[in-house]
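Remarks on the structure that follows.
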Amino acid sequence: MTGATGMIESDARDLESELKAEIVRLNKVVEALMNRVEHSSTQHCSDFDQFQTTIMLENLVRARTEELEAALRENEKINRALQEAEEKFHRVLDQSLVGITMIIEDRFHYVNPKFAEIFDYEVNQLLTMGMMELIIDAEQSALREAMQKALNKDLEKINFIANAVRRNGQLITVEVSGSSATDIGGKPALIAVLADISERLRSERQVKALHEQLQYQAIHDPLTGLYNRLFLNENLERELLLAERQGYQVSVVMSDLDHFKMINDCYGHQAGDTVLKAFADIMKRHARASDLDCRYGGEEFFLVLPDTSQQIASERAESIRSALVAQPIAVAGRTIAVTASFGVATYPANGLSSAALIGAADKALYAAKDAGRNRVVSSPWQA
Ligand SMILES: Nc1nc2c(ncn2[C@@H]2O[C@H](COP(=O)(O)OP(=O)(O)OP(=O)(O)O)[C@@H](O)[C@H]2O)c(=O)[nH]1
């Protein structure tokens with residue numbers, strides 16, 4: 001990262017120039033000493049003294065110069081190693097698949113190319129900006145608070161999801177994680193890793209929607225939107241167990257459109273479908289939230305009425321029957337009168353299990369058909 005490694009590199013450079021300066025300084029000292037020796041020799045020192053002092057100084061200077069040159073070479077080696085390390089470090093940062101940034105005093109001090117790509121900016125442009133300029137207004141205060149906590153070292157790690165705006169105006173969702181502040185050049189710096197998770201969230205939402213759709217389709221009839229037989233089978237038994245525990249009655253109403261085959265034959269299958277949907281809509285309008293309205297099969301329907309006596313259930317069936325009679329259905333450019341027959345059975349009187357109860361309702365329905373259709377018959381059969 002330019003900031004951190006740059007500082008180490010500049011320390012090494014400082015050392016190198018200090019060493020060079022030291023060599024120059026020493027050379028000057030030697031020169032000055034030599035001058036002094038020469039000067040003093042002209043006055044009162046013997047040739048031998050002068051010779052000895054010169055040799056001693058020369059040795060001293062040579063030894064010190066060698067020491068300094070060795071230190072200089074060592075420093076150059078360290079410098080090269082540092083440069084190589086920085087290049088490697090930069091290559092890693094440049095090729096990173098996540099955005100990496102260093103923030104100092106609310107501004108981007110460093111961003112890697114991926115970070116810039118995520119926000120559709122050039123690296124240099126971002127270096128004149130701060131995180132707040134990228135995050136949507138509504139989420140800025142939460143972000144500021146999280147960053148402040150990281151700066152104060154109140155948080156060991158920061159991890160948050162925020163919505164941001166790219167330079168081209170596109171809204172994206174980013175996940176940011178980082179650790180508490182580090183000291184860079186005497187200033188607290190936040191180093192954070194950031195990933196664009198918009199696509200991942202979109203896929204997750206699609207999978208969730210698909211899952212919900214499949215769940216819906218698994219228990220609903222596609223034509224009418226009522227629950228299907230599978231759902232009825234799974235829930236009626238549970239409803240009866242609940243009724244047994246709580247001590248209430250459960251009534252069921254089985255209904256079947258009269259002479260439905262004729263509607264299909266006269267007006268076509270599509271007209272038949274329209275009639276099925278119209279009847280289903282009437283059932284939905286007459287159902288309470290706790291009721292369970294299902295398409296049992298073909299033109300047969302089923303209604304489960306928890307905590308409902310046979311008398312009330314029979315009245316409910318009667319109101320559905322009369323609503324159908326009162327509502328001629330428009331098919332194939334005309335309106336036709338449709339009727340239905342109903343069989344009512346009640347737990348526990350007419351059946352103790354779901355199969356027994358369905359059987360009793362079916363029997364009552366056929367009694368209604370036998371009695372001339374377009375009527376409601378309640379099961380007289382004891383469980
Ligand atoms: N349009 C349409 N017709 C269906 C569907 N499912 C079943 N049917 C038809 O419903 C008709 C049922 O006819 P039947 O069982 O003879 O009963 P019905 O004509 O209603 O006579 P009754 O019940 O005795 O009054 C058949 O013609 C089936 O093809 C469906 O989803 N759409």
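The values are calculated or read from the model by the stated rules, or taken from the named source; none is laboratory data. Computed from a predicted model, the values in this text were never measured in an experiment. All Cβ positions, glycine included, derive from the backbone under ideal geometry; neighbour counts span all protein chains shown.
For this structure, a couple of remarks:
- Any hit, region 303-325, residues being in contact with a Ser or Thr (Cβ under 8 Å, 6 or more places away or on another chain), of a type in the set (Ser, Thr, Tyr), farther than 27 Å from Tyr216 by Cβ and not in a helix (DSSP H, G or I): yes
- Within region 79-93, the presence of at least one residue that is of a type outside the set (Ser, Thr, Tyr), over 30 Å from Ile118 (Cα atoms) and surrounded by fewer than 12 Cβ atoms within 10 Å (Cβ to Cβ) is confirmed.
- Meets criteria (part of a helix (DSSP H, G or I) and surrounded by fewer than 12 Cβ atoms within 10 Å (Cβ to Cβ)) for Arg202: yes
- Qualifying residues in region 263-284 (those that are more than 9 Å from the ligand (Cβ to nearest atom) and in contact with a strand residue (DSSP E or B) (Cβ under 8 Å, 6 or more places away or on another chain)) - the one farthest from Arg321 (Cα to Cα): Tyr267
- Meets criteria (of a type in the set (Gly, Ala, Ser), within 15 Å of the ligand (Cβ to nearest atom), closer than 27 Å to Gly247 by Cα and surrounded by 21 or more Cβ atoms within 10 Å (Cβ to Cβ)) for Gly343: yes
- Only residues that are charged (D, E, K, R) and within 16 Å of the ligand (Cβ to nearest atom) were counted across region 292-337, and they come to 4.
- Listed by position, the helices (runs of 4 or more DSSP H) enclosed by region 41-155 that each have at least 3 residues that are at pLDDT below 90 are 47-95, 137-151.
- Where Asn374 falls short, out of the listed (1) in a loop (DSSP other than H, G, I, E, B); (2) within 16 Å of the ligand (Cβ to nearest atom); (3) under 22 Å from Tyr227 (Cα atoms): (3)
- Each residue in region 352-376 was checked for being crowded, with 24+ Cβ neighbours inside 10 Å and of a type outside the set (Val, Ile, Thr), and 6 of them qualify.
- The residues on offer are Val165, Val207, and the sole one that is exposed (fewer than 12 other Cβ atoms within 10 Å of the Cβ) and of a type in the set (Val, Ile, Thr) is Val207.
- For beta carbons closer than 9 Å, sequence separation of 6+ or different chains, a first residue in region 251-265 that is touching a residue at least 40 places away in the same chain (Cβ under 8 Å) and among the polar types (S, T, N, Q) and a second that is in a strand (DSSP E or B) and within 8 Å of the ligand (Cβ to nearest atom), the qualifying pairs are Ser255/Ser341.
- Residues of region 270-302 classified as among the charged types (D, E, K, R) and in a helix (DSSP H, G or I), total: 5
- For the criterion of being more than 20 Å from Val376 (Cβ to Cβ) and among the hydroxyl-bearing types (Ser, Thr, Tyr), Tyr296 fails.
- Qualifying residue in region 116-129 (condition: surrounded by 14 or more Cβ atoms within 10 Å (Cβ to Cβ) and either over 30 Å from the mean Cα position of the chain (by Cα) or touching a residue at least 60 places away in the same chain (Cβ under 8 Å) (or both)): yes
- Residue in region 186-206 that is over 41 Å from the mean Cα position of the chain (by Cα) and either away from the ligand (no atom under 16 Å from the Cβ) or touching a residue at least 24 places away in the same chain (Cβ under 8 Å) (or both) present: no
- Filter result (in contact with an Asp or Glu (Cβ under 7 Å, 6 or more places away or on another chain) and under 20 Å from Asn159 (Cβ atoms)) within region 94-121: Asn112, Ile118
- Where Thr224 falls short, out of the listed (1) in contact with a strand residue (DSSP E or B) (Cβ under 6 Å, 6 or more places away or on another chain); (2) farther than 19 Å from Ile320 by Cβ; (3) within 16 Å of the ligand (Cβ to nearest atom): (2)
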